[in-house]
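Structure first, commentary second.
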Amino acid sequence: MKKRLFFALPISESFRESIVKVINICDNEIRWVSKDNYHVTLLFLGETPAGRIEEIIKHSEVIAATHNAFSLHSYEISIQGKKDRRMVWVKFETCSAFSGLNNKLSQSLNCELVREQTPHITLARLKNNRSALTGFKVNFEEILKVDQFELWESVAGPEGVKYYSIGTFKLQTGN
């Protein structure tokens, strides 16, 4: 059996609420992602044999023990993507600690990186309503403290996608 897996950075409740304040002033016809599903994708693993999960967890524990906690700095909420598949993202500044953690995980697990992972949170997918939020861009300066990452399973169902945490990996905090 295969599971759709990825590594995610969980979002604090205060960060979630800051996002909700901004999107509450936006177009209500947009189908926004549930705030419970907010996350930053660290590394997408895709369809993975369930038998590999134990190995993935072991590699993740080793990496977490050698990687320091860090912060991501958001700068805006805006439209991202092409005309036929646009999304609304919280965008973060480039972060070498994020890229380093992404690279350590992908190398340790022998994952082929399709492209450099840009830190972001997807807030909406604008597949059917292409004109919605045209030119939308809001300054959004917040700091997301990253002291752990998680292995998540993505399960599609009739009510949309649900995410389930399989493992949590604490980063080094210097304490």
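When THR48, THR94, THR41 are checked against the criterion of being assigned to a strand (DSSP E or B) and within 16 Å of the chain's Cα centre (by Cα), a single residue qualifies: THR41. Remark: pairs (first residue in the range 163-175, assigned to a strand (DSSP E or B); second residue open to solvent by 80 Å² or more (accessible area, probe 1.4 Å) and of a type outside the set (Phe, Trp, Tyr); Cβ separation under 8 Å; 6+ apart in sequence or on different chains) = PHE169/GLU61; GLN172/THR66; GLN172/ASN68.
Being of a type in the set (Phe, Trp, Tyr) and more than 13 Å from the chain's Cα centre (by Cα) is the filter here, so list the residues in the range 6-38 that pass it.
Of all residues in the range 6-38, those of a type in the set (Phe, Trp, Tyr) come to 6-7, 15, 32, 38.
Correct list: PHE15, TRP32.
Applying the set (1) part of a strand (DSSP E or B); (2) without any contact (Cβ under 8 Å) to a residue 12 or more places away in the chain to VAL88 leaves exactly one unmet item: (2).
Just give me the residues in the range 36-53 being under 30 Å from LYS137 (Cα atoms) and either open to solvent by less than 60 Å² (accessible area, probe 1.4 Å) or touching an Asp or Glu at 6+ places or on another chain (Cβ under 7 Å) (or both), in sequence order. Lay out the reasoning, then the answer.
Just the residues of the range 36-53 that are under 30 Å from LYS137 (Cα atoms), to begin with: 36-44.
The answer is ASN37, TYR38, HIS39, VAL40, THR41, LEU42, LEU43.
Taken over the range 54-89, the criterion of being open to solvent by 30 Å² or more (accessible area, probe 1.4 Å) and among the charged types (D, E, K, R) is satisfied by GLU54, GLU55, LYS58, GLU61, LYS82, LYS83, ASP84, ARG85, ARG86. Does any residue of the range 57-74 turn out to be under 23 Å from LYS137 (Cα atoms) and modelled with pLDDT under 95? Looking for residues that are under 23 Å from LYS137 (Cα atoms) and modelled with pLDDT under 95, one finds none in the range 57-74, hence no.
If you filter the range 121-132 down to residues that are modelled with pLDDT of 65 or more and open to solvent by less than 30 Å² (accessible area, probe 1.4 Å), you find that the one that is farthest from the chain's Cα centre (by Cα) is LEU126. The single condition among (1) within 24 Å of LYS162 (Cα to Cα); (2) part of a helix (DSSP H, G or I); (3) in contact (Cβ under 8 Å) with a residue 40 or more places away in the chain that GLU54 does not satisfy is (3).
Only a single criterion out of (1) open to solvent by 60 Å² or more (accessible area, probe 1.4 Å); (2) at pLDDT below 95; (3) farther than 19 Å from SER18 by Cβ is not satisfied by LYS137, namely (3).
The values are calculated or read from the model by the stated rules, or taken from the named source; none is laboratory data. Only a predicted model underlies this, so the values are computations on that prediction, with no experimental measurement involved. Glycine also receives a Cβ, built like all others from the backbone with ideal geometry; neighbour counts cover every protein chain displayed. With ligands, DNA and RNA removed, areas are computed over all heavy atoms of the protein, side chains included. Shrake-Rupley method; radii C 1.70, N 1.55, O 1.52, S 1.80 Å.
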